[in-house]
Amino acid sequence: MITKNELIFVDQQKAARILSDGGLVAVPTETVYGLAANGVNTKAIARIFEVKKRPFFDPLILHFASIDRISECVESLPKIAIDLLERFSPGPLTLVLPKKKVIPDLATAGMNSVALRIPAHPMTLELLKNLDFPLAAPSANLFGQTSPTRPSHVIDQLGDAIDGIIDGGPCEVGVESTILDLTKTEPIILRWGGLSQEDIESFLGRRLKTQTSSSKPSAPGMLESHYSPGVTVRLVSQKEKETLIVDPKAAFLCFDKFNSCLPTERQFILSQKADLKQAACRLFEGLRELGNLNPSVIYSELVPDIGLGKAINDRLLRASAS
Ligand code: TXA
Ligand code: MG
C-alpha cells in the first residue's frame, strides 16, 4: 500500500518541475522547513498565503542560490550587504534591501524592500541552483503556530495542502534566520535568529540597534503573538520555578535541569549541558512534544539572554503572548 507520505516526498528534479508549474513544495533549510513557491509568480505566492492562512500584510523571505542572483532582484547591493553575505552565507542571515520590480508586491506586502537570504541546506541550495527564479518561502506551518524542524511536522499541519516535500532530515539550527534591515541609515536587527547578534556585531565592529517587537500590522511579521503550540504557554522566573505548585496536567519546558514540581515525563529539557546552540535546535521540538501531551498549560523558563539565547527567549515570549 502506498502511504500518503510516500506520495508527498519528492526529489529535487520533481520539486523543480512542481515549482516551475506554480506548485508548493516544502523544502529543508538549516533553520526550519520552508513552504516554497516561485518567488516571481504572483499566483504561486498567493497560494502560500492561502495554505498557511497567513495575512497578506506579512511579507515573505526570498531564497537565492548566490550573491549574483540576489543582485538581479535588488535596486542596489551596498558593500555592507556583500561583506555580510560573503561572511555569513549560505547561513541563517536574512537581509532587507530595496527591491526591484521583478519581485511582486504580494511577496513584500506592498513594501519597497525585500527580505532575502541564501539557505545553507545542501539539497535546497542545489534545487535553487537549478531554478531560474528565487523561492519565496515562509516557515512551513500554519500562521501563528510552531515552526517545523522535521518533515513530519510539515506533514501534520500542511500535508494535505501542498504538492510535495523534500526530506532533508532534521534542521540543524532549529530557529529562523536573523533578519537585518539595511534600508535605513544604519543596520537594524528586526528578528533575532540563528546567527547571533554578537557575531554580526563583532564582524561589523559596531553595536547594532534592534527593533524586534510590535503588535502593529504596520510592522509586518513581528507580531507579539506567534509560535503557538496550541496550548497556553506561561513563563516562570527562576525564583517562581522553585516554589511553583502546579496542576499535575501541566507540562514544563526546562533549560538544562528538570524541575521538582512535575514528573520528568511531563518535562522537556532543551540542553542538559546548558548549550544554547543545542537548546535553539530543540526549542520547537520541545514545544511540540509537550503540546502533544495535551497539558493544561506549558510552563517555561527563559534561557540566558546571550548569543542564540536571544532568539530562544524571543520565541518563548511570543509563544506565551498567544
Ligand atoms: O529561517 C528563516 O528565515 C525561514 C526559512 C524557511 O528560510 N523563513 C521564515 O519566514 O522564517 P517567515 O515567513 O516565517 O518570516 C518572515 C519574516 C516576516 O514575518 C517579516 O518579519 C520579515 O520576515 N520580513 C519579510 N520581508 C520583510 C521586509 N521587506 N521588511 C521587513 N521585514 C520583512
Ligand atoms: Mg514563520
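Of note:
- Listing of helices (runs of 4 or more DSSP H) fully contained in the stretch 4-105 that carry 3 or more residues being within 12 Å of ligand 1 (Cβ to nearest atom) and closer than 24 Å to residue 157 by Cα: 42-52
- Scope the stretch 162-189; condition assigned to a loop (DSSP other than H, G, I, E, B) and either within 16 Å of ligand 2 (Cβ to nearest atom) or out of contact with any helix residue (DSSP H, G or I) (no Cβ under 9 Å at 6 or more places or on another chain) (or both); matching residues: 162, 171, 173, 174, 175, 176, 177, 183, 184, 185, 186
- Pairs with Cβ under 6 Å, 6+ apart, first in the stretch 13-39 and closer than 22 Å to residue 171 by Cα and of a type in the set (Lys, Arg), second in a strand (DSSP E or B) and more than 8 Å from ligand 1 (Cβ to nearest atom): none
- Positions within the stretch 55-78 being modelled with pLDDT under 95 and of a type outside the set (Asp, Glu), in sequence order: 55, 56, 57, 76
- Number of positions in the stretch 17-32 that are farther than 14 Å from residue 161 by Cβ, under 22 Å from the mean Cα position of the chain (by Cα) and not β-branched (Val, Ile, Thr): 3
- Count - residues of the stretch 54-76 that are surrounded by 14 or more Cβ atoms within 10 Å (Cβ to Cβ) and among the hydroxyl-bearing types (Ser, Thr, Tyr): 2
- Qualifying positions in the stretch 137-156 - of a type outside the set (Asp, Glu), away from ligand 2 (no atom under 12 Å from the Cβ) and not in a loop (DSSP other than H, G, I, E, B): 151, 152, 153, 154, 155
- Residue list for the stretch 118-133, filter: more than 11 Å from residue 29 (Cα to Cα) and within 12 Å of ligand 1 (Cβ to nearest atom): 128
The values are calculated or read from the model by the stated rules, or taken from the named source; none is laboratory data. The structure displayed is predicted, hence computed values, not measured ones. Cβ: placed from backbone, ideal geometry, glycine included. Neighbour counts: every protein chain shown.
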